[in-house]
Amino acid sequence: MICQICRQEKDPAELMPAELVRPSVQETIRKVHPEWSGEGYICLSDLNRFRIEHVEDVLETEKGELSALEEEVVSSMKEPEIISKNVNLEFDRKLTLGEQAADRIAEFGGSWGFIGIFAGVILVWIIINSIALAMRPFDPYPYILLNLVLSCLAAMQAPVIMMSQNRQEARDRLGAEHDYAVNLKAELEIRQLNAKLDQLLNHQWQRLLEIQRIQMELMEAHVRKDRSGIYQPNSEGGVV
């Protein structure tokens, strides 16, 4: 058997009847090969190539220019590959030592452990300067040195927390893009699957009608035989 597109002889397992190709995909094929006919065969490699072109045309029509992410999804449909991945692991691999330290500091700064240690240090500071060193405290009331230490701590902690929040936003954005890519590929795959099922059901329905027509002719032949005792051809070429 020969493919209509590449004009090469292929194994029957690598070919699909042209009548089973989705009509919208056939229109895409006719743009490149006007001589395309609904009779004959097309190899699976050429069929997949035109399916990808059809998907690109649909996306460009519905959404305009394709983004890099959408082009990646379309290209992934050429092979049965999985695009699902753990974005958290990939994101963590790209973090520098300073970024990892900022995340650790921000994580510790927002924990109950930090609150407990911080409250304990302040309480000890006040006790030492109010009771233990009541005669000669190094930071007497109103604890100006303590206020300076707390201000410096807040000034250093704020940018560290902001860096961690920026990376969390980048992580969330990467996860959202990945979810969009997975959903887009799933939608395109479902569309193609529905189209294949429609074509298959239509083909099976035509075969069922043909079988039913033959059965009706056989039943008619049996009825005529019972009446006349002989078989005679009818005007439509069937058996009477």
Which condition from (1) under 42 Å from the mean Cα position of the chain (by Cα); (2) without any contact (Cβ under 8 Å) to a residue 60 or more places away in the chain; (3) surrounded by 11 or more Cβ atoms within 10 Å (Cβ to Cβ); (4) farther than 30 Å from Ile52 by Cβ is the one that Asn183 breaks?
(4)
I'm checking my understanding of the structure. Among residues of region 113-172 that are among the aliphatic types (A, V, I, L, M) and part of a loop (DSSP other than H, G, I, E, B), which one is farthest from Lys94 (Cα to Cα)?
Met135
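Filtering region 111-126 down to residues that are exposed (fewer than 12 other Cβ atoms within 10 Å of the Cβ) and not aliphatic (A, V, I, L, M), which residue is nearest to the chain's Cα centre (by Cα)? Walk me through how you get there before you give the answer.
Restricting attention to region 111-126, the residues satisfying the condition of being exposed (fewer than 12 other Cβ atoms within 10 Å of the Cβ) are 111-113, 115-116, 119-120, 123-124.
Of the ones still in play, those that are also not aliphatic (A, V, I, L, M) are 111-113, 116, 120.
Details: Ser111: 36, Trp112: 39, Gly113: 41, Gly116: 45, Gly120: 50 Å.
Here the residue is Ser111.
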Within region 3-16, count every residue that is modelled with pLDDT of 80 or more and surrounded by fewer than 14 Cβ atoms within 10 Å (Cβ to Cβ).
5
If Ala134 satisfies all but one of (1) in contact with a Phe, Trp or Tyr (Cβ under 8 Å, 6 or more places away or on another chain); (2) at pLDDT below 70, what's the number of the condition it fails?
(1)
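A quick yes/no check of all residues on (1) surrounded by fewer than 12 Cβ atoms within 10 Å (Cβ to Cβ); (2) within 36 Å of the chain's Cα centre (by Cα):
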| residue | (1), (2) |
| --- | --- |
| Ile128 | no, no |
| Tyr141 | yes, no |
| Cys152 | yes, no |
| Arg167 | no, yes |
Would you check which residues across region 27-45 are surrounded by fewer than 19 Cβ atoms within 10 Å (Cβ to Cβ) and on the phi < 0 side of the Ramachandran plot and list them?
Glu27, Arg30, Lys31, Val32, His33, Pro34, Glu35, Ser37, Gly38, Glu39, Leu44, Ser45
Consider only pairs whose beta carbons are under 9 Å apart and that are at least six residues apart or on different chains; among these, list those whose first residue lies in region 98-111 and is over 15 Å from Met156 (Cβ atoms) and whose second residue is part of a helix (DSSP H, G or I) and of a type in the set (S, T, N, Q).
Glu99/Ser164; Asp103/Ser164; Asp103/Gln168; Glu107/Ser164
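The values are calculated or read from the model by the stated rules, or taken from the named source; none is laboratory data. Bear in mind the structure is a predicted one, so any value in this text is a computation, not a measurement. We place every Cβ from the backbone using ideal geometry, glycine too, and count neighbours over all the protein chains shown.
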